[in-house]
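A short write-up of the structure that comes next.
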There are 4 protein chains.
Amino acid sequence: MPQVTAHGIERDSAEFARVVGFSDAIFAIAMTLLVLEIGVSGLPEDSGGISDMAEALKDALPQIVSFAVSFYVIGRYWLAHHWFFSRLERIDRRTLSLNLVYLAFIAFLPFPTGLIGDYEENPIAFVVFALSMAAVSLMELVVYRHALHAGLLRSGVPAGIWKWARLASGFPVAVFIVSIPIGFLNTTAAILSWFVLSPIGFYINKRMPPEVLAYFSRY
Amino acid sequence: MPQVTAHGIERDSAEFARVVGFSDAIFAIAMTLLVLEIGVSGLPEDSGGISDMAEALKDALPQIVSFAVSFYVIGRYWLAHHWFFSRLERIDRRTLSLNLVYLAFIAFLPFPTGLIGDYEENPIAFVVFALSMAAVSLMELVVYRHALHAGLLRSGVPAGIWKWARLASGFPVAVFIVSIPIGFLNTTAAILSWFVLSPIGFYINKRMPPEVLAYFSRY
Amino acid sequence: MPQVTAHGIERDSAEFARVVGFSDAIFAIAMTLLVLEIGVSGLPEDSGGISDMAEALKDALPQIVSFAVSFYVIGRYWLAHHWFFSRLERIDRRTLSLNLVYLAFIAFLPFPTGLIGDYEENPIAFVVFALSMAAVSLMELVVYRHALHAGLLRSGVPAGIWKWARLASGFPVAVFIVSIPIGFLNTTAAILSWFVLSPIGFYINKRMPPEVLAYFSRY
Amino acid sequence: MPQVTAHGIERDSAEFARVVGFSDAIFAIAMTLLVLEIGVSGLPEDSGGISDMAEALKDALPQIVSFAVSFYVIGRYWLAHHWFFSRLERIDRRTLSLNLVYLAFIAFLPFPTGLIGDYEENPIAFVVFALSMAAVSLMELVVYRHALHAGLLRSGVPAGIWKWARLASGFPVAVFIVSIPIGFLNTTAAILSWFVLSPIGFYINKRMPPEVLAYFSRY
């Protein structure tokens with residue numbers, strides 16, 4: 001029966017499942033709270049006017065876009081977290097603490113999302129947004145690094161994995177940092193730059209040795 | 001032991017359970033956040049007046065109705081999601097992504113719910129509400145289609161299932177779209193039209209071949 | 001392997017667990033959202049004054065009390081839900097629907113809680129609060145009744161169980177209804193009446209035949 | 001098959017898992033709701049000004065700090081809860097009730113967190129914050145005590161465990177209480193005193209007999 005020992009929390013124990021379920025709750029709440037940042041304002045109460053509402057929705061558009069962008073980005077972090085935990089053989093105390101720090105950054109994201117939704121043309125709002133995202137990616141890397149070095153991964157880890165994990169997870173950090181000066185010129189262009197730079201990620205994947213790629217895409 | 005392989009996440013693995021639990025958290029939060037859109041306003045603080053409060057509650061009635069309608073509709077989507085996942089043999093990477101897009105639309109629903117609750121006579125508010133619902137139904141169809149074509153369903157899928165799934169899940173899309181012009185005349189009538197059109201859904205079910213009906217009602 | 005059949009969702013299947021997990025998420029969110037209704041107001045921003053804050057907290061006291069009362073009441077509903085699902089052998093489609101209606105009333109509770117917290121002396125606010133609670137207790141009874149009559153309970157159900165379940169679960173409905181006229185005189189007295197009437201519940205338990213009591217207290 | 005008996009809810013039963021999952025949902029929501037207390041104000045809508053935003057963020061800094069401090073403290077409570085439940089053999093009815101009271105204090109924490117974030121220099125705000133934290137630690141101790149005395153712990157409990165559990169869990173209560181008079185001089189110093197006093201906790205751990213320490217650090 002899998003359980004909690006001095007070596008850590010084994011995969012398939014109730015305690016392992018609890019860590020995963022708790023993390024998912026944080027992810028789900030952060031992703032759903034984002035919608036509370038969307039709102040229409042400046043409308044007379046019980047307004048029935050078509051043009052008034054169209055105007056108000058146009059003003060709410062940046063908030064809807066920032067909801068969509070954040071849901072997309074946090075969703076990708078969730079997929080990575082999901083994949084990462086499926087590779088773990090067990091968790092130790094340090095993984096628990098690092099995972100909590102990682103989740104703190106995830107739980108913080110509704111704030112910069114609301115900020116960029118309300119002040120979509122403000123470069124400082126964009127900097128807070130980009131730095132928050134970069135911080136999540138960086139913490140992700142810290143958690144991966146610990147798991148690899150503490151031998152928590154399931155068997156069959158290919159050699160050279162850390163080099164490629166660092167490249168694949170470090171790449172978003174670089175993208176977010178690079179987008180900051182663009183944000184001082186134009187915040188929309190800065191967000192678009194994230195999507196424009198995405199193909200480089202595919203290029204990184206393409207250059208991976210087959211066994212590393214197979215390990216990363218184990219589903 | 002069920003697990004994550006190159007072919008996807010097998011049913012009964014911890015990872016399959018995680019996807020389901022994460023989806024449920026998004027559903028539950030979206031359904032419960034709806035209540036935050038209900039509020040009384042225009043009342044003097046600490047008012048003890050009976051008629052003042054009765055008046056304020058009357059003004060809050062459209063918000064309470066839109067809470068109830070949304071809880072009902074999202075509840076039906078949850079039932080469909082629950083049923084659908086009980087039919088899956090495994091999930092692949094694409095199902096994960098499509099499911100996240102589907103959940104983004106679910107997480108978005110508190111916004112149109114609040115909008116129609118605050119501006120219950122505004123046709124544009126109703127259009128946003130109806131289009132959001134149609135988008136969820138459409139994404140549902142996209143997820144079903146992928147699962148069927150990628151062979152992710154458990155054995156015993158009857159022939160002709162896709163024709164009927166398309167009909168059963170596409171029907172709400174049609175209802176929501178059809179209600180939009182009605183919304184420009186009267187928004188209450190438009191919401192009522194959803195319930196008036198429901199019997200057509202029962203008629204569709206009645207015409208299904210027995211083996212398809214049996215498959216759909218496997219509980 | 002327990003699963004979903006034409007007879008319903010068997011206990012110990014992944015689908016049974018999903019219904020329970022989804023219900024718990026609704027409970028947990030409703031109970032935690034209650035805290036958002038607490039707030040201090042009328043304070044100058046960044047106020048450092050001791051007496052100002054003491055005054056503001058005194059004004060927030062009814063909100064803190066209504067948070068505590070609601071958390072207590074919803075917590076008791078959760079305990080009952082927990083106990084009830086531990087007695088089920090399987091769930092059918094109707095249980096799913098009735099459970100969703102029950103959860104809609106649970107998800108609605110933050111609204112009357114906020115109302116009574118803000119307008120603690122308003123009899124109408126109290127009526128909404130008491131009726132909402134009575135509605136939850138009533139739906140609880142409807143779900144129990146269905147499970148009993150559809151034969152969904154685990155073996156060993158004692159004769160006469162329904163008579164006593166009706167008494168035990170119907171009692172809170174009576175208490176909430178009885179407290180409504182008291183609320184028109186004094187809302188604090190009305191809430192206190194709930195706790196004053198509690199011992200009658202203990203008296204009901206005491207008169208139960210031993211096998212019924214044993215069944216109810218199976219943990 | 002583990003189940004619910006007259007002696008309580010056994011570890012590895014679906015009901016035991018439900019209690020844990022429900023607790024985690026409360027923890028996760030309380031920790032994530034904290035972010036809603038952060039906000040910028042006093043900014044003209046759609047402001048693009050760099051210095052305006054920098055100013056507004058500076059004003060939001062105490063809220064960000066109180067988010068971080070609360071996330072850290074509640075995170076530590078979650079770790080303790082996680083550890084504690086991994087040591088339980090079964091739960092009885094009283095554990096369920098005490099756990100609910102404990103969770104009520106956890107769910108309450110976003111209120112004092114918001115208070116100290118908005119009125120970071122107000123000693124009364126700090127007192128509410130410190131007392132809330134002390135209340136959680138105290139309830140933690142009450143739950144531990146009950147589990148120990150009711151014999152709910154898994155085998156291998158070392159003698160003298162209660163003395164050390166009381167010391168380890170009672171220590172934060174003392175820290176929070178001690179910080180209150182400091183809060184009347186300076187609230188920032190009072191929060192810092194929590195971290196300054198932390199090493200005493202390490203010193204307590206160091207003096208534990210090896211078998212007690214081993215039991216506490218079983219992962």
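The values are calculated or read from the model by the stated rules, or taken from the named source; none is laboratory data. On a predicted model such as this, the values are computed, not experimentally measured, just so you know. For neighbour counting, all protein chains shown are included, and Cβ atoms are generated from backbone atoms with ideal geometry for every residue, glycine included.
Numbers at a glance
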{"item": "Filter pass, D:Pro62 being in contact with a Gly (Cβ under 9 Å, 6 or more places away or on another chain), more than 30 Å from A:Gln63 (Cβ to Cβ) and crowded, with 19+ Cβ neighbours inside 10 Å", "result": "no"}
{"item": "Single residue of C:Ala17, C:Ala68, C:Ala54 found to be facing another protein chain (nearest Cβ under 8 Å) and either in contact with a Cys (Cβ under 9 Å, 6 or more places away or on another chain) or within 30 Å of B:Glu10 (Cα to Cα) (or both)", "result": "C:Ala17"}
{"item": "Test: residue in segment D:25-41 that is part of a helix (DSSP H, G or I), more than 10 Å from chain A (Cβ to nearest Cβ) and without any contact (Cβ under 8 Å) to a residue 60 or more places away in the chain", "result": "no"}
{"item": "Single unsatisfied condition, B:Met133 versus (1) over 17 Å from B:Val175 (Cα atoms); (2) away from chain A (no Cβ under 11 Å)", "result": "(1)"}
{"item": "Residues of segment C:16-40 classified as modelled with pLDDT under 90 and among the polar types (S, T, N, Q), total", "result": "0"}
{"item": "Residue satisfying condition, being within 15 Å of the chain's Cα centre (by Cα) and at pLDDT 90 or above, within set B:Val127, B:Val143", "result": "B:Val143"}
{"item": "Test: residue in segment C:111-120 that is closer than 18 Å to C:His82 by Cβ, in a helix (DSSP H, G or I), within 17 Å of the chain's Cα centre (by Cα) and not hydroxyl-bearing (Ser, Thr, Tyr)", "result": "no"}
{"item": "Test result for C:Ala190, touching a Phe, Trp or Tyr at 6+ places or on another chain (Cβ under 7 Å) and either modelled with pLDDT of 90 or more or not hydrophobic (A, V, I, L, M, F, W, C) (or both)", "result": "no"}
{"item": "Near pairs, Cβ below 7 angstrom, 6+ apart or cross-chain, from segment B:163-179 (surrounded by fewer than 20 Cβ atoms within 10 Å (Cβ to Cβ)) to any residue that is not in a helix (DSSP H, G or I)", "result": "B:Trp164/B:Met208"}
{"item": "Subset of segment D:92-124 [aliphatic (A, V, I, L, M), within 20 Å of D:Gly39 (Cβ to Cβ) and surrounded by fewer than 22 Cβ atoms within 10 Å (Cβ to Cβ)]", "result": "none"}
{"item": "Meets criteria (of a type outside the set (Lys, Arg) and away from every other protein chain (no Cβ under 12 Å)) for B:Leu141", "result": "yes"}
{"item": "Search result, residues across segment A:49-85 that are touching a residue at least 60 places away in the same chain (Cβ under 8 Å) and either in contact with a Phe, Trp or Tyr (Cβ under 7 Å, 6 or more places away or on another chain) or more than 30 Å from A:Val143 (Cβ to Cβ) (or both)", "result": "A:Phe84"}
{"item": "Unmet requirement for A:Ile182, which otherwise passes all of (1) over 30 Å from A:Asp92 (Cα atoms); (2) touching a residue at least 24 places away in the same chain (Cβ under 8 Å); (3) surrounded by 15 or more Cβ atoms within 10 Å (Cβ to Cβ)", "result": "(2)"}
{"item": "Filter result for A:Glu89 (within 8 Å of chain D (Cβ to nearest Cβ) and either surrounded by fewer than 21 Cβ atoms within 10 Å (Cβ to Cβ) or closer than 21 Å to A:Met31 by Cβ (or both))", "result": "no"}
